[in-house]
Amino acid sequence: MGSNAAANHPISFKYVTEAMGRGAKLISVDPRFTQTSSKADIYTSLRSGSDIAFLGGMIKYILDNNLIQEKYVKHYTNAPFLVNPEFKLPGDNEGVFSGLVDAKYDKSSWSFQKDASGVIKKAKNLKDPNCVYQLLKKHYSRYNLDIVSRITGTPKEKLLEVYKEYTKTGKVGKAGTIMYAMGWTQHTVGVQNIRTMAIIQLLLGNMGMAGGGVNALRGESNVQGSTDHCLLFHILPGYLKTPKASQPTLAAYDTKYTPKTDEPKSLNWWKNYPKYSASLLRAHYGTGVSLEDAYSYLPKLDDGANYSWLSIFDAMYKGEFTGFFAWGQNPACSGASANKTRQAMTKLDWMVNVNIFDSETGSFWRGPDMDPKKIKTEVFMLPCSASLEKEGSITNSGRWMQWRYKAVDSPGVAMPDGEIITELYYRIKELYEEENGPLKEAITEMTWDYGPKGPNGKIRHLDAHYIAREINGYFLKDTTVKGKLFKKGTLVPSFAYLQDDGSTSSGNWLYCNSYTEKGNMAARRGGKDSSGIGLYSEWAWCWPVNRRIIYNGASVDPDTGKPWDERHPVIFWNGSKWVGDVPDGVAAPGSGRPPFIMRPDGVGGIFGPGRADGPFPEHYEPLECPIEKNIMSPQLINPTIKRWDKEGTGTDVDARATCDPRFPIICSTYRVSEHWQTGLMTRWCPWLAEMQPSMFVEIGVELAKNKEIKNGEIVTVKSIRGQVDAVAIVTNRWKPFNIDGNTVHEVGIPWHYGWVTTKMREYVHGDKKPEVFTFGDSANIITPFIGDPNTMIPESKAFMVNVERKEV
């Protein structure tokens, strides 16, 4: 659900088909009949943007029929926790939770009740009306089959078929998983889509199990690694928080983010936050400066500031930026409302495009509707190495850190990214030293020990092994920990050995143990699976401390240590110790220690007060939708989203079209197997371009008949923000939906195309056409500039369009 693994993640799907050969059932829920659907035991469709209603109906089915794994739920989730009696559910509060003020929630009523010692009160029998379990039951009592079917367009009998089959995995000894991708995340309720399934998995006891979990399918091999190492503005490596202006000292920063929990048996590793932050500062600045000074050098966010993708491109569009690095990305194609993104770049003084090929971003100034004479932006192209031309690690969706070796040298003057960054660092450092720039020590005092150094003090060449060792971390002086002496310079064996006094370094606490005195753990290639369930613990390395299934303490009975699924044990208690995967701690069965050790209270969060838009998921319509009213409640859309949209009768980059008769058709974007991301690497390959040569739109047979569109014709897909030409593919894969008695159509377009490969043929070859290139422009020209309130990911999977035959 929210993914098409058979087409877009075929290696993962290999194991799905193997499981099916052993008796597993595959369920595919998708607006379109996909390649995955064709292999499924059960397929049903739903309207894009209605996933929470669909899954909320499953939660109601589980609770109404008492299908929870009861002991798991009572011991391993916050279902027994008592919530503030002032808390109100949307069903009692006009479709929103209590505390909504000016599009933001005051969460004071979302708190848990505590006793005089500060310990959370619990109803162990799950019967108190203020406990999480009863609130959950009340909340989803509204999600009956009739309502869910009216919202999703899924027939009631298909809803029941899915619910009955999937909930069988809640039986002791069974397991079930979900594989999702951008089909769930790219919504204004994206985080809550995933939360809804996480609640289902907790109710059924599927977290921590072999074959369980909530599994994200990524479109790139190192998405996990990039977020682990702070690709995003609000985090530092290891998911430490970016400091804020209101935290002027290291003590204030550590105090803010170190959990305060009085749960007596919770083993929460975030309680060691000061150890992680101090070790990170040492990795950045060494021992030559104090921890406090090192902290003062870190950038501080303004409180409440948001520097995510949509926010910064909106600021750029308003002329608030001077320069921009586009590094390994192609925002002119991948950014929501791409016309806005492209116009934003015209407001810059300069832009640096670091990539392996020229792109729509690097050449935006000569793209469609651009006049280079009127654009001031000076663009620099820095050619960089492809992945096969450099050494280093990637971390996949299963948190496996795997080492890659350099296969070939880069062509021409292309350089690895790290070499480019290193050269920039030295140039910037020299400028700060010469010109005495503001807070120059933040740059000049920084350590840069990522390779052997020459006589001038600069590294001769970048060495990925130096970086990997710094990420792992060192003892910076002779230190005794847990009765063992570690000499200065010794690699830290795990994050449990990090110190808060500055005596250890670590570039990312999660990766302690990845490069040890035994060597590079990520480079291991042990092919034996001693676990019997596919853990392959000697192949590469997995954070934290090579634990292959996180929260595996939930896979066993809390009293006996006996696995719920004895045929596929992740860990088990042999009478004196845990055997199997690296266990979540060493406490013996019956100790009462909860297994979710990265959470303050140690249990899975069915009630999640940390979210911006509600502690339980609630169905809201997409920003652009085909109906005027939310069938579930008076609140149409997610009330907490940050909005740039505006009403508009004409085309505008920030316009929206809800229930607009000019745009009556739902549209969703998706991937194809032959192209990669925005196609920047694959559109240049003739054999791939020949298989997928142009932008297309899949249209259902009935809609095509209504529009008098024939298969293979060129059509225009229009939204209120722009339009894109596409080849019409008339197909039975799309069927119309019955939404509350009304027929609603949906179409789909891929997001891999852009104009540059078409134009480059003219620029490079003149009139010659020696190779096959692709045609068409970005799907994101027509997507809305709006995002989820928790992550700000754009809503590219549900918006309104029209499809018309191309005007001649």
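Pro372 meets the conditions (1) over 26 Å from Ile467 (Cα atoms); (2) touching a helix residue (DSSP H, G or I) at 6+ places or on another chain (Cβ under 6 Å); (3) crowded, with 19+ Cβ neighbours inside 10 Å; (4) of a type outside the set (Gly, Ala, Ser) in every case but one. The failed one is (3). Condition test on Ser296, is it modelled with pLDDT of 95 or more, more than 30 Å from Cys685 (Cβ to Cβ) and surrounded by 18 or more Cβ atoms within 10 Å (Cβ to Cβ)? No; evaluated as a whole, the condition is false for this residue. The set of residues from segment 742-759 being open to solvent by 10 Å² or more (accessible area, probe 1.4 Å), at pLDDT 95 or above and touching a helix residue (DSSP H, G or I) at 6+ places or on another chain (Cβ under 9 Å) comprises Thr743, His745. If I filter segment 620-637 for residues that are open to solvent by less than 30 Å² (accessible area, probe 1.4 Å), of a type in the set (S, T, N, Q), in a loop (DSSP other than H, G, I, E, B) and touching a residue at least 40 places away in the same chain (Cβ under 8 Å), do I get at least one hit? Within segment 620-637 (the criterion being open to solvent by less than 30 Å² (accessible area, probe 1.4 Å), of a type in the set (S, T, N, Q), in a loop (DSSP other than H, G, I, E, B) and touching a residue at least 40 places away in the same chain (Cβ under 8 Å)), the answer is yes, since at least one residue qualifies.
Tell me whether segment 451-464 contains one or more residues that are touching a residue at least 60 places away in the same chain (Cβ under 8 Å) and either of a type in the set (D, E, K, R) or under 23 Å from Trp541 (Cα atoms) (or both). Within segment 451-464 (the criterion being touching a residue at least 60 places away in the same chain (Cβ under 8 Å) and either of a type in the set (D, E, K, R) or under 23 Å from Trp541 (Cα atoms) (or both)), the answer is yes, since at least one residue qualifies. Flag not set for Glu690, criterion: of a type in the set (Asp, Glu), out of contact with any Cys (no Cβ under 6 Å at 6 or more places or on another chain) and buried (at least 19 other Cβ atoms within 10 Å of the Cβ). May I ask you to list the residues in segment 790-808 that are buried (at least 24 other Cβ atoms within 10 Å of the Cβ) and under 19 Å from the mean Cα position of the chain (by Cα)? Correct list: Pro794, Glu795, Ser796, Lys797, Ala798. Cβ-Cβ distances below 8 Å connect the following pairs, each with a first residue in segment 1-22 that is over 20 Å from Thr185 (Cβ atoms), a second residue that is loosely packed, with under 14 Cβ neighbours inside 10 Å and modelled with pLDDT of 95 or more, and a separation of six or more residues or different chains: Met20/Asp41.
One residue is enough: does segment 555-569 have a residue meeting the conditions open to solvent by less than 40 Å² (accessible area, probe 1.4 Å), assigned to a loop (DSSP other than H, G, I, E, B) and of a type in the set (Val, Ile, Thr)?
We begin by selecting, within segment 555-569, every residue open to solvent by less than 40 Å² (accessible area, probe 1.4 Å); these are 555-558, 561, 563-565, 569.
Restricting the remaining residues to those that are assigned to a loop (DSSP other than H, G, I, E, B) gives 557-558, 561, 564-565, 569.
Add one more test, that the residue is of a type in the set (Val, Ile, Thr), and what stays is none.
No: segment 555-569 contains no residue that is open to solvent by less than 40 Å² (accessible area, probe 1.4 Å), assigned to a loop (DSSP other than H, G, I, E, B) and of a type in the set (Val, Ile, Thr).
Okay, residues lined up against (1) modelled with pLDDT under 95; (2) surrounded by 15 or more Cβ atoms within 10 Å (Cβ to Cβ); (3) not charged (D, E, K, R):
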| residue | (1), (2), (3) |
| --- | --- |
| Glu378 | no, no, no |
| Ser393 | no, yes, yes |
| Ser410 | no, yes, yes |
| Ala442 | no, yes, yes |
| Arg460 | yes, no, no |
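Apart from one condition, Ile471 fits all of (1) β-branched (Val, Ile, Thr); (2) under 23 Å from Ala587 (Cα atoms); (3) touching a Gly at 6+ places or on another chain (Cβ under 9 Å); the exception is (2). When Pro438 is tested against (1) in contact with a strand residue (DSSP E or B) (Cβ under 9 Å, 6 or more places away or on another chain); (2) over 30 Å from Ser514 (Cα atoms), only condition (1) is not met. For segment 423-479, the set of residues classified as among the small types (Gly, Ala, Ser), in contact with a Leu (Cβ under 9 Å, 6 or more places away or on another chain) and farther than 17 Å from Ala294 by Cβ consists of Gly437, Gly451, listed by residue number.
Do we find a residue being at pLDDT 95 or above, outside any strand (DSSP E or B) and on the phi > 0 side of the Ramachandran plot anywhere in segment 716-735? Looking for residues that are at pLDDT 95 or above, outside any strand (DSSP E or B) and on the phi > 0 side of the Ramachandran plot, one finds none in segment 716-735, hence no. Pairs are defined by a Cβ separation below 8 Å, a sequence spacing of at least 6 or placement on different chains, a first member in segment 533-561 that is more than 19 Å from Leu510 (Cα to Cα), and a second member that is in a loop (DSSP other than H, G, I, E, B) and hydroxyl-bearing (Ser, Thr, Tyr); no pair meets this definition.
Mind listing whichever residues of segment 300-342 are assigned to a loop (DSSP other than H, G, I, E, B), open to solvent by 10 Å² or more (accessible area, probe 1.4 Å) and of a type outside the set (Gly, Ala, Ser)? Can you show your working first?
Let us first name the residues in segment 300-342 that are assigned to a loop (DSSP other than H, G, I, E, B), namely 300, 302-308, 318-322, 328-330, 335-337.
From the residues that got through so far, the ones that are open to solvent by 10 Å² or more (accessible area, probe 1.4 Å) too are 300, 302-308, 318-322, 328-329.
Across segment 300-342, the qualifying residues are Lys300, Asp302, Asp303, Asn306, Tyr307, Lys318, Glu320, Phe321, Thr322, Gln329.
Being in a loop (DSSP other than H, G, I, E, B) and open to solvent by less than 40 Å² (accessible area, probe 1.4 Å) is the filter; apply it to segment 280-293 and report the residue that is nearest to Phe495 (Cα to Cα). Of everything passing the filter in segment 280-293, Gly286 is nearest to Phe495 (Cα to Cα). Scanning segment 197-217 for residues that are crowded, with 24+ Cβ neighbours inside 10 Å and not hydrophobic (A, V, I, L, M, F, W, C) gives Gly205, Asn206, Gly208, Gly212. Selection of first residues in segment 296-325 that are more than 25 Å from Leu240 (Cα to Cα) and free of Cβ contacts under 8 Å to residues at least 24 places away in the same chain and of second residues that are of a type in the set (Phe, Trp, Tyr) and assigned to a loop (DSSP other than H, G, I, E, B), restricted to Cβ pairs under 8 Å at least 6 apart or on distinct chains, gives the following pairs, ordered by first then second residue: Ala315/Phe321. Restricted to segment 333-349, and to residues there that are of a type in the set (Gly, Ala, Ser) and under 24 Å from the mean Cα position of the chain (by Cα), the residue that is farthest from Glu320 (Cα to Cα) is Ser334. Which residues, counting only those in segment 291-310, are touching a Gly at 6+ places or on another chain (Cβ under 8 Å) and within 16 Å of Leu250 (Cβ to Cβ)? Listed by number, the list holds a single entry, Leu291.
Got at least one residue in segment 53-70 being surrounded by 23 or more Cβ atoms within 10 Å (Cβ to Cβ), touching a strand residue (DSSP E or B) at 6+ places or on another chain (Cβ under 6 Å), at pLDDT 95 or above and not in a strand (DSSP E or B)? Checking segment 53-70: not a single residue is surrounded by 23 or more Cβ atoms within 10 Å (Cβ to Cβ), touching a strand residue (DSSP E or B) at 6+ places or on another chain (Cβ under 6 Å), at pLDDT 95 or above and not in a strand (DSSP E or B). When the residues of segment 94-113 are filtered to those that are crowded, with 16+ Cβ neighbours inside 10 Å and among the aliphatic types (A, V, I, L, M), the one that is nearest to Lys629 (Cα to Cα) is Val96.
Considering only residues that are in a loop (DSSP other than H, G, I, E, B) and open to solvent by less than 30 Å² (accessible area, probe 1.4 Å), look in segment 638-655 and name the one that is farthest from Val119 (Cα to Cα). Steps first, answer last, please.
Of the residues in segment 638-655, the ones in a loop (DSSP other than H, G, I, E, B) are 638-645, 647-654.
Adding the requirement that they be open to solvent by less than 30 Å² (accessible area, probe 1.4 Å) leaves 638-641, 645, 648, 653-654.
Values: Asn638: 33, Pro639: 32, Thr640: 31, Ile641: 33, Asp645: 44, Gly648: 52, Val653: 50, Asp654: 48 Å.
By that ranking, first place goes to Gly648.
A Cβ distance below 7 Å, combined with a sequence gap of six or more or placement on separate chains, defines the contacts here; from segment 188-203, residues that are under 15 Å from Ser48 (Cα atoms) reach residues that are assigned to a helix (DSSP H, G or I) and not aromatic (Phe, Trp, Tyr) in the pairs Val189/Ile52; Gln192/Ile52; Asn193/Asp51; Asn193/Ile52. If the requirement is being exposed (fewer than 12 other Cβ atoms within 10 Å of the Cβ) and of a type in the set (Val, Ile, Thr), which of these qualifies: Thr447, Thr480? Thr480 is the lone residue from the list that is exposed (fewer than 12 other Cβ atoms within 10 Å of the Cβ) and of a type in the set (Val, Ile, Thr).
Considering segment 494-506, and only residues there that are open to solvent by 40 Å² or more (accessible area, probe 1.4 Å) and touching a residue at least 24 places away in the same chain (Cβ under 8 Å), the residue that is farthest from Pro237 (Cα to Cα) turns out to be Asp501.
The values are calculated or read from the model by the stated rules, or taken from the named source; none is laboratory data. The model shown is predicted, which means the values in this text are computed figures rather than measured ones. Backbone-built Cβ (ideal geometry, glycine too); neighbour counts: all protein chains shown. To get the accessible areas, we keep the full protein, side chains included, count just its heavy atoms, and leave off ligands, DNA and RNA. Shrake-Rupley method; radii C 1.70, N 1.55, O 1.52, S 1.80 Å.
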